[in-house]
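A.B. asks: Just dropping this structure here.
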Amino acid sequence: MPSLAEEICIGNLGSLQTLPDSFTWKLTAADSVLPPSSAVSSGTVEESIPVIDLSDPDVTTLIGNACKTWGAFQIANHGISQKLLDDIESLSKTLFDMPSERKLEAASSDKGVSGYGEPRISPFFEKKMWSEGFTIADASYRNHFISLWPHDHTKYCGIMEEYVDEMEKLASKLVSCILGSLGVTVEDIGWAHKLEKSGSKVGRGAIRLNHYPVCPEPERAMGLAAHTDSTILTILHQSNTGGLQVFREESGWITVEPVPGVLVVNMGDLFHILSNGKIPSVVHRAKVNHTRSRISIAYLWGGPAGEVQIAPISKLIGPVEPSLYRSITWKEYLQIKYEVFDKALDAIRVINPTN
Ligand SMILES: C=C1C[C@]23C[C@@]1(O)CC[C@H]2[C@@]12CCC[C@@](C)(C(=O)O1)[C@H]2[C@@H]3C(=O)O
Ligand SMILES: O=C(O)CCC(=O)C(=O)O
Ligand SMILES: [Fe+2]
């Protein structure tokens, strides 16, 4: 006979009145959001990742500092219209409000990649995450949208295409700026230069629509477990309920409270490689809420498609700072990540840390 846990479906978590054992995480003091007391008393702790106005004349310095300190920042005046943000959020709400059976008809066939289902990182954790999601990693999402919205799929595909196009343009702009803060230009990286010239094309990124239903015991549950993104960078739109937390050694877990119209940018593992470790990929997670459900939309930008090799930028390496990582394509990196998860960067490291 199947156990109760096996009968629980992620499509209707919001209707559960108690937290099933399979969703109960053993969280320790280190998992708390309170920063270590020493850091608080020294007054050195910034409250959260900064909000940077992209029209600020000092934008490059501000972004550079945030990247080095946090591996993340928030952006205002980014040029993405509020209408498009509202449209993608309401598309996500419409999808997640559907009956479980209907959502499962759009389930991803290959674990965690395009379609409806659990986060791809799920197999690396003993306990289940209190969330459901829909991943768009290739054009097959259109077929899923036809099955989800037989009459309205054209409208929803249109919103998704516009969102991907706008995000790609914004991601390219941000990469130029972050490279600038390191004293590098897109011309110093062959593929980045070509990318800027060719404009936007689907295929280099992925979108993940995340839904975190209300939870009867949020303190003991986890919406999305601690991870780094495997990307160059990720641009996240969060609905008006908080839940995203970023980790910093000196401060512990810090909540990134949503600010209307502001987007969060997380640096991913591929930028860590490109910058030869100068810009860390940020460890982050999503917690859940007792009374409010939450939506987030992540645009995961993987950089160049196909066989293009990503390696530490030659301008950033030399006899004193040798290349720490071997070159790798995004596809290859994803394969390694989903074999060894949080050891992926170590797996491609060519020089071991000295301490
Ligand atoms: C391109 C990808 C990045 C991603 C794995 C994936 O193949 C498709 C989904 C992406 C996502 C979104 C939610 C968080 C994340 C860690 C996950 O479980 O699936 C990321 C993956 C990643 O960055 O490795
Ligand atoms: O929901 C969030 O705030 C985080 C989502 C996230 O980390 C992701 O989709 O990669
Ligand atoms: Fe993430």
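A.B. asks: Which one of K331, K343 is exposed (fewer than 14 other Cβ atoms within 10 Å of the Cβ) and within 12 Å of ligand 1 (Cβ to nearest atom)?
C.D. replies: Working: K343 fails: within 12 Å of ligand 1 (Cβ to nearest atom).
After applying the criteria, what remains is K331.
A.B. asks: Return yes when I159 is within 15 Å of ligand 1 (Cβ to nearest atom), in contact (Cβ under 8 Å) with a residue 12 or more places away in the chain and either touching a Cys at 6+ places or on another chain (Cβ under 7 Å) or open to solvent by less than 50 Å² (accessible area, probe 1.4 Å) (or both) and no when it is not.
C.D. replies: no
A.B. asks: Might you let me know whether region 310-327 holds any residue that is within 16 Å of ligand 3 (Cβ to nearest atom), among the hydroxyl-bearing types (S, T, Y) and either over 30 Å from T18 (Cβ atoms) or in a loop (DSSP other than H, G, I, E, B) (or both)?
C.D. replies: no
A.B. asks: Still on this structure: Quick check, is L236 open to solvent by less than 20 Å² (accessible area, probe 1.4 Å), under 14 Å from A298 (Cα atoms) and within 12 Å of ligand 1 (Cβ to nearest atom)?
C.D. replies: Values: open to solvent by less than 20 Å² (accessible area, probe 1.4 Å): yes; under 14 Å from A298 (Cα atoms): yes; within 12 Å of ligand 1 (Cβ to nearest atom): yes.
When the stated conditions are applied, L236 passes them.
A.B. asks: Shifting gears a bit: In this structure, is N289 open to solvent by 20 Å² or more (accessible area, probe 1.4 Å) and at pLDDT below 95?
C.D. replies: no
A.B. asks: Moving to a separate point now. Step by step: first the residues of region 202-224, then only those that are part of a loop (DSSP other than H, G, I, E, B), in contact with a Gly (Cβ under 9 Å, 6 or more places away or on another chain) and closer than 14 Å to L13 by Cα, then the one that is farthest from ligand 1 (Cβ to nearest atom). Which residue is that?
C.D. replies: Within region 202-224, the subset part of a loop (DSSP other than H, G, I, E, B) is 202-204, 213-217, 221-223.
From what's left, in contact with a Gly (Cβ under 9 Å, 6 or more places away or on another chain): 203-204, 213-215, 223.
Next, from what is left, pick out any that are closer than 14 Å to L13 by Cα: 213-215, 223.
Details: P213: 17, V214: 21, C215: 18, G223: 11 Å.
My answer is V214.
A.B. asks: Here is a further query. Go through (1) at pLDDT below 95; (2) closer than 30 Å to D152 by Cα; (3) acidic (D, E) one by one and return the number of the condition E47 breaks.
C.D. replies: Going through (1) at pLDDT below 95; (2) closer than 30 Å to D152 by Cα; (3) acidic (D, E) one by one, E47 breaks only (2).
A.B. asks: With the structure loaded, tell me whether M160 is more than 23 Å from N289 (Cβ to Cβ), part of a helix (DSSP H, G or I), within 15 Å of ligand 3 (Cβ to nearest atom) and at pLDDT 95 or above or whether it fails that test.
C.D. replies: No: the conditions fail for M160.
A.B. asks: Which numbered condition trips up P260, out of (1) open to solvent by 20 Å² or more (accessible area, probe 1.4 Å); (2) within 18 Å of the chain's Cα centre (by Cα); (3) more than 23 Å from F125 (Cα to Cα); (4) not charged (D, E, K, R)?
C.D. replies: Of (1) open to solvent by 20 Å² or more (accessible area, probe 1.4 Å); (2) within 18 Å of the chain's Cα centre (by Cα); (3) more than 23 Å from F125 (Cα to Cα); (4) not charged (D, E, K, R), only one is false for P260: (2).
To keep it simple, each residue is scored yes or no on (1) more than 21 Å from the chain's Cα centre (by Cα); (2) in contact (Cβ under 8 Å) with a residue 40 or more places away in the chain; (3) more than 24 Å from H227 (Cα to Cα).
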residue: V288; (1), (2), (3): no, yes, no
residue: T291; (1), (2), (3): yes, yes, yes
residue: R294; (1), (2), (3): no, yes, no
residue: I297; (1), (2), (3): no, yes, no
residue: G302; (1), (2), (3): no, yes, no
residue: A305; (1), (2), (3): no, yes, no
residue: I313; (1), (2), (3): yes, yes, yes
residue: G318; (1), (2), (3): yes, no, yes
residue: I336; (1), (2), (3): no, no, no
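A.B. asks: With of a type in the set (A, V, I, L, M, F, W, C), in contact (Cβ under 8 Å) with a residue 40 or more places away in the chain and within 16 Å of ligand 1 (Cβ to nearest atom) as the only criterion, which of W70, W130 stands out?
C.D. replies: Going through W70, W130 in turn, the sole match is W130.
A.B. asks: Out of everything in region 292-305 that is open to solvent by 20 Å² or more (accessible area, probe 1.4 Å) and modelled with pLDDT of 95 or more, what residue ends up being nearest to ligand 3 (Cβ to nearest atom)?
C.D. replies: Once the filter is applied, the top-ranked residue is L300.
A.B. asks: Are any of the residues in region 70-86 closer than 26 Å to F271 by Cβ, part of a helix (DSSP H, G or I) and within 16 Å of ligand 3 (Cβ to nearest atom)?
C.D. replies: Within region 70-86, none of the residues are closer than 26 Å to F271 by Cβ, part of a helix (DSSP H, G or I) and within 16 Å of ligand 3 (Cβ to nearest atom).
A.B. asks: Suppose we filter region 326-350 for residues that are within 25 Å of V113 (Cβ to Cβ) and in contact with a Lys or Arg (Cβ under 6 Å, 6 or more places away or on another chain); how many remain?
C.D. replies: The total comes to 2.
A.B. asks: From the set of residues in region 226-244 that are within 11 Å of ligand 3 (Cβ to nearest atom) and over 16 Å from I75 (Cα atoms), which is nearest to the chain's Cα centre (by Cα)?
C.D. replies: D229
The values are calculated or read from the model by the stated rules, or taken from the named source; none is laboratory data. No experiment lies behind these values; they were computed from the predicted model shown. Cβ coordinates were reconstructed from backbone atoms using ideal geometry, including for glycine residues, and neighbour counts include every protein chain displayed. Keep in mind that these areas ignore ligands, DNA and RNA; they rest on the heavy atoms of the full protein, side chains included. Shrake-Rupley method; radii C 1.70, N 1.55, O 1.52, S 1.80 Å.
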